[in-house]
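A.B. asks: Sending over a structure as structure tokens; questions will come in a sec.
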Amino acid sequence: MNRFLSDLGKVLVIGGCGTVGSLIARVLKANDVDVSILDSASDSYLKDVFKRENIPIEFNHNLAENSLDGFNSIFLAPSLLNNSNFINKLNSINHNNLAIYSVEDLLRNTNPNKYVYGISGTNGKTTTTHILKNIFKINNYTVPEHELNLQGNTEFIPSLQARLTGDIAVLEIGTFGNKGEIKLSASNSKVNTGVITNITRDHLVNGTFNDYISCKKEMMEVPDNLVLDGDDYLLNYLSAEFNKDIYFFGVKDFNNPLFNDSSSSTEDELCPVCGEKLNYAKRYLGHLGEYSCSCGFKNPNLDAYGTNIKLSSKNNMPIIQYELHIKDESGIVTLSNGALSNVYNSIAAALAAHLKGLSIEEIIKGINSFTIVKGRLELIHTKPNIIIDFAHNPSGVKSIMDTILHIKGDSKLIILNTISSESGLEGDIEIAKLLSGGDIVIPVSDIARKSAKYIDAKVINIKEDINFKKTGTIGSSPNQVKSAIELGLDIASEDDIILIIGEGGNKYSKDILNKLNI
Ligand code: ZN
């Protein structure tokens, strides 16, 4: 225990049921500090976590004269630090002038004390994080979990998660698109290996693509070494700026008929070295593929790659097999219930685990035993199959459509589109075009309805929900999703597939099915 920690004595965390508060308490406990929680809330879904980690908690507590009795120092949740009424009250009862600390104090004075992976990128970072965690867990390593009921990949969460009890930290690091954000997360988390899945143009809300790229580059600055998708020309190009160990993964399946997207490069796909249009000999997924330019820019040598990718189906759900190669070794991977993009995600995780010395057998055992991430091609009903997927941008939708269309056979594919794309109307139109592969499309979100004229398939509309006002990223109301599911079930026969894409569908569909009692 370092000086800062040993001087704390008995610590009271006030507001310890909140997102950051709970992690402050758990990190202190993981560092053998005697810690208790006070919170004004009446209950918390984290109750069992605190119990398991022996952190006493007092609910329904509003500060009283004796609240601080017996404690030597105080940590405050960030929300309380900015609440002047609360601070005044705290000061009025802090008769012994106990030191008051913030999350920043904790981060400055502690370290993860373990190897740390930071996983970032546009698509696939959540799945890659889960697969890498599973590889370690199945091989008897413990990995810290934040246990929060939210994604938890931004601000202080990854850095605190890294400091929880465990052998190896596997952190998903996301961004709201603000400058400096990822760099701060990565440096506070002391990331050793940075894994970047891919960079696409989809996540553009504010600012230019270059702003977005520089945001992603931040993830490359901090770690000692990097695991990057070599089939992503942008990552390949950006890696040259950094003088550190770089490991590339990708796919080498040139003759595979599964990948028949022969579209030439778009206006945007220019060689980052000379500005000429890139040549694509093969596209595997969106802009991921085998590219080259007359100036000599091309795919790097791959340290890990997949070959012989096969997609089959069992009970109308996809199963993917491929041969995984790491250095001179190889083995067969089987992914149950995943989209083709999981080939890339699992190879990224495999290469990352290999760097820590795991054998290819241990790695494949971890990938094969990985089931699903909730909301990623998740089967929530059978006869007919109802599948929900969180896809919310064109490349996410493309991966899902490529996968389902390949396995659907004679089944009708009925798609409920609840997406309100992050890249604006242009993204929604691109998504609408991709949905043309379905037999019937039911536009659910208001935006999906507006872009429905671009769908080259039968479109059936639900009644508009005139009371719905879009907030945040959720583009559909519970009522809209309910009408769409009822409509879909009316049309579908037992062998058909109902695919619900987007955040609204992901959030509401399970409850709706429960209420419909089917
Ligand atoms: Zn070039």
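The values are calculated or read from the model by the stated rules, or taken from the named source; none is laboratory data. Small disclaimer: the values here were computed from a predicted structure and weren't measured. When we count neighbours, we look across all protein chains shown, and the Cβ atoms used for this are built from the backbone with ideal geometry, even at glycine.
A.B. asks: Quick check on segment 30-59: of everything there that is within 18 Å of residue 144 (Cβ to Cβ) and more than 27 Å from the chain's Cα centre (by Cα), which residue is surrounded by the most Cβ atoms within 10 Å (Cβ to Cβ)?
C.D. replies: 35
A.B. asks: Additional query: Would you confirm whether or not segment 289-310 contains a residue that is over 16 Å from residue 230 (Cβ atoms) and within 16 Å of the ligand (Cβ to nearest atom)?
C.D. replies: yes
A.B. asks: Something else now. Got a number for residues in segment 267-282 being at pLDDT 90 or above, more than 8 Å from the ligand (Cβ to nearest atom) and in contact with a Phe, Trp or Tyr (Cβ under 8 Å, 6 or more places away or on another chain)?
C.D. replies: Adding up the residues that qualify gives 4.
A.B. asks: Restricted to segment 248-262, and to residues that are touching a Gly at 6+ places or on another chain (Cβ under 9 Å) and either farther than 12 Å from residue 283 by Cβ or among the hydroxyl-bearing types (Ser, Thr, Tyr) (or both), which residue is surrounded by the fewest Cβ atoms within 10 Å (Cβ to Cβ)?
C.D. replies: Ranking the qualifying residues of segment 248-262, first place goes to 252.
A.B. asks: When you go through 255, 260, 308 one by one, which is the residue that is more than 20 Å from residue 239 (Cα to Cα) and part of a strand (DSSP E or B)?
C.D. replies: 308
A.B. asks: Scan segment 63-71 and tell me whether some residue there is out of contact with any Gly (no Cβ under 6 Å at 6 or more places or on another chain), of a type in the set (Phe, Trp, Tyr) and over 19 Å from residue 81 (Cβ atoms).
C.D. replies: Taking every residue of segment 63-71 in turn, none turns out to be out of contact with any Gly (no Cβ under 6 Å at 6 or more places or on another chain), of a type in the set (Phe, Trp, Tyr) and over 19 Å from residue 81 (Cβ atoms).
A.B. asks: Give me a count of the residues in segment 23-48 that are free of Cβ contacts under 8 Å to residues at least 60 places away in the same chain and closer than 13 Å to residue 107 by Cα.
C.D. replies: 1
A.B. asks: Given (1) touching a residue at least 60 places away in the same chain (Cβ under 8 Å); (2) in a loop (DSSP other than H, G, I, E, B); (3) surrounded by 14 or more Cβ atoms within 10 Å (Cβ to Cβ), where does residue 75 come up short, assuming only one miss?
C.D. replies: With respect to (1) touching a residue at least 60 places away in the same chain (Cβ under 8 Å); (2) in a loop (DSSP other than H, G, I, E, B); (3) surrounded by 14 or more Cβ atoms within 10 Å (Cβ to Cβ), residue 75 is out only on (2).
A.B. asks: State whether the residues of segment 198-213 include one that is more than 16 Å from the ligand (Cβ to nearest atom), crowded, with 22+ Cβ neighbours inside 10 Å and either over 27 Å from residue 434 (Cα atoms) or modelled with pLDDT of 95 or more (or both).
C.D. replies: No, there is no match, as no residue in segment 198-213 is more than 16 Å from the ligand (Cβ to nearest atom), crowded, with 22+ Cβ neighbours inside 10 Å and either over 27 Å from residue 434 (Cα atoms) or modelled with pLDDT of 95 or more (or both).
A.B. asks: Here's another thing I want to ask about it. Pick from 383, 374: which is farther than 14 Å from residue 506 by Cα and either charged (D, E, K, R) or under 16 Å from the mean Cα position of the chain (by Cα) (or both)?
C.D. replies: Just one listed residue meets the conditions, 383.
A.B. asks: Can you pull out the residues in segment 233-247 that are within 16 Å of the ligand (Cβ to nearest atom), assigned to a loop (DSSP other than H, G, I, E, B) and either at pLDDT 95 or above or surrounded by 13 or more Cβ atoms within 10 Å (Cβ to Cβ) (or both)?
C.D. replies: none
A.B. asks: State all residues of segment 127-151 that are touching a strand residue (DSSP E or B) at 6+ places or on another chain (Cβ under 6 Å) and closer than 24 Å to residue 338 by Cβ; if no residue qualifies, say none.
C.D. replies: Across segment 127-151, the qualifying residues are 128, 129, 132, 133, 136, 141, 143.
A.B. asks: Let me ask you something else. Got at least one residue in segment 406-419 being within 20 Å of the chain's Cα centre (by Cα) and buried (at least 21 other Cβ atoms within 10 Å of the Cβ)?
C.D. replies: Yes; the residues of segment 406-419 include at least one that is within 20 Å of the chain's Cα centre (by Cα) and buried (at least 21 other Cβ atoms within 10 Å of the Cβ).
A.B. asks: Here's something else I'd like to know. Can you name every residue in segment 41-65 that is of a type outside the set (A, V, I, L, M) and in a loop (DSSP other than H, G, I, E, B)?
C.D. replies: Residues satisfying the conditions are 42, 43, 44, 45, 53, 54, 56, 59, 60, 61, 62, 65.
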